[in-house]
Amino acid sequence: MNCGEFLTPGTPPLVNVNNPDDWSPYQDQLQFETAEFLFARCQMSAPKIDHIIPLQGKPPFADHRHMYKTIDATAIGDVKWQSFSASYTGEIPAVDPPPWMLEKYVVWSFTKFLGNLSFTNEMDLSPFEEHYKDFMSGEWAWQQADVISEDEHTDGSTFVPIILGSDKTTMSVATGNNEYYPLYLSIGNVRNNVRRAHRDALVLIGFLAIPKTTKEHASDAAFRKFRRQLFHSSLSAILQPLKPAMTTPEVVKFGDGHFRRVIYGLGPYIADYEEQALLACIVRGWCARCQASRNNLDEDALDRTRAFNEALFEESTLTILWDEYGIVGDLVPCTNDFPRADIHQLIAPDILHQLIKGCFKDHLVDWVTAYIRANHSKREADRIFR
């Protein structure tokens, strides 16, 4: 792969060859911005669109049908959604095999991110010392940049941390209560104010498969293992296009028009506890980041690490791993396929469920409520709560 040569500092970006006056399929900028405002931002209904359009001096559209037709003609870009299928590859019974063993499970994915012009000037291209402001000011980003700089082939490259998140979701009754498993991606270079402003700093990059089976096979150990491993294998396959550029710099054009040598790296994965346990390949009820026993969380405990787990695999049985260490030993984490990636370091706290709802509401609020009711009369307690 040709990684390019460094340019002289101060070299301006190449001139954008796109015609700034070409708003196709829209007639002009006014027509585009009208459609974007009414349809995307306001999500205005068709009758209201028909009411407001004639109020303009020179209406950009004849009516809502004209606007919808123009929107439908908009080119969606050169990046298409891709799909791949996965299926069970183990031994299949010759007689009455479970239906899930014969199914093909489709996973959809797509990636394109760095060329987004909306946050061109709000990205940090290297770590900086201002703790707890933006992602690139954290210690982990510094540590990763130090490792990258130790290799003469990657030294000087822009580190792009990949932040992932997923959450299995059941849609409304209107859609038939269908379950979807969306996978989202952001990059650590984007500043927090961009993420909070919903300016496309978080993108949907895939839909994971949700294997299902009949009730009689739902508790089958082979099915549970397949479902978990499919999750990891799907993540690994979706992220494979980024893997070569995790060790060999890739030249990427950024939104500001500059080309930069980029090194990708897997960053935090944001998920609720159920998915944290799935990602870390641990038994439910154990911690995904440390080896503390769930029966004694106050004792000192070592951090979980990929190296320690691999050492245990060499010396222990699956039963010992499960009972004594809380490890599901017959799964292969998706991060094992990528350099500088340890899932136990990358698990990020779920602020909603673990901090706000878990620590504060479910624990602290309930404890204070119980304390007040235990030490005051019902009338006095009700007065306090008012």
Quiz item: How high is the relative contact order of the chain, in percent, counting Cα pairs under 8 Å that sit 6 or more residues apart?
Solution: 15
Practice problem: Only residues of the range 235-264 count here: report those whose backbone N is under 20 Å from the spot 7 Å along Cα→Cβ of Thr8, or say none. | Solution: 258-261
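Enter the accessible area per residue of the chain (Å², integer; probe 1.4 Å; all protein chains in place).
So the chain comes to 63 Å² accessible per residue, rounded to a whole number.
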Self-check item: Net charge contributed by nearby residues that have their C-beta within less than 14 Å of Gln29 (K/R +1, D/E -1)
Solution: -4
Exercise. Beyond 26 Å between alpha-carbons counts as too far, so tell me which of Lys69/Lys168; Lys215/Lys361; Lys104/Lys357; Lys104/Lys168; Lys212/Lys357; Lys48/Lys69 fall in that bin.
Key: Lys69/Lys168; Lys215/Lys361; Lys104/Lys357; Lys212/Lys357
Quiz prompt | Nearest-ten-degree value, helix 306-315 long axis tilted from longest Cα axis of the chain | solution = 40
Quiz item: With labels modelled as points extended 7 Å from the Cα through the Cβ direction, what inter-label distance (nm, one decimal) is found for Asp330 paired with Ser316?
Solution: 1.7
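How large is the Rg to Rh ratio of the range 267-386 when both quantities use alpha carbon positions and Rh follows Kirkwood? All intermediate terms of the calculation are to be shown ahead of the outcome.
Values: Rg = 19.2 Å, Rh = 16.6 Å.
Reported Rg/Rh (Cα atoms, Kirkwood Rh): 1.15.
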Quiz item: Ignoring any ligand, DNA or RNA, what whole percent of the accessible area of the range 245-348 comes from carbon and sulfur when the probe is 1.4 angstrom?
Solution: 50
Practice problem: Using only the alpha carbon atoms of the range 176-250, find the Kirkwood hydrodynamic radius as the inverse mean reciprocal pair distance, in angstroms to one decimal. | Solution: 15.4
Quiz item: Hey, how many Å between the Cα centroid of the range 181-236 and the Cα centroid of the range 92-109?
Solution: 20
Practice problem: Could you state the angle between the C-alpha long axis of helix 139-149 and the longest principal axis of the C-alpha atoms of the chain, as a value from 0 to 90 degrees rounded to the nearest 10? | Solution: 80
Quiz item: At a Förster radius of 51 Å, what calculated FRET efficiency corresponds to the Cβ-Cβ distance of Ala73 and Ser377, to the nearest 0.05?
Solution: 0.10
Quiz prompt | Dipole of the chain, positive end: most advanced residue of Pro12, Phe360, His51 [Cβ charges, Cα centre] | solution = His51
Practice problem: Could you please report the charge total around Leu125, scoring K, R as +1 and D, E as -1 over all other residues with beta-carbon less than 13 angstrom from its beta-carbon? | Solution: -1
Quiz item: By how many degrees, between 0 and 90 and to the nearest 10, does the Cα long axis of helix 221-239 differ from the longest principal axis of the chain?
Solution: 40
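I need the fraction of alpha carbon pairs in the chain separated by more than 34 Å, rounded to a whole percent. List each step's numbers first, then the result.
Details: 34619 of 74305 pairs.
The answer is 47 percent, as a whole percent.
The values are calculated or read from the model by the stated rules, or taken from the named source; none is laboratory data. As the structure is a prediction and not an experimental result, all values here were calculated from the model. Positions of Cβ are generated from backbone atoms using ideal geometry, with glycine treated the same way; all protein chains shown enter the neighbour counts. These area figures cover heavy atoms from the full protein model, side chains too; ligands, DNA and RNA do not enter into them. Shrake-Rupley method; radii C 1.70, N 1.55, O 1.52, S 1.80 Å.
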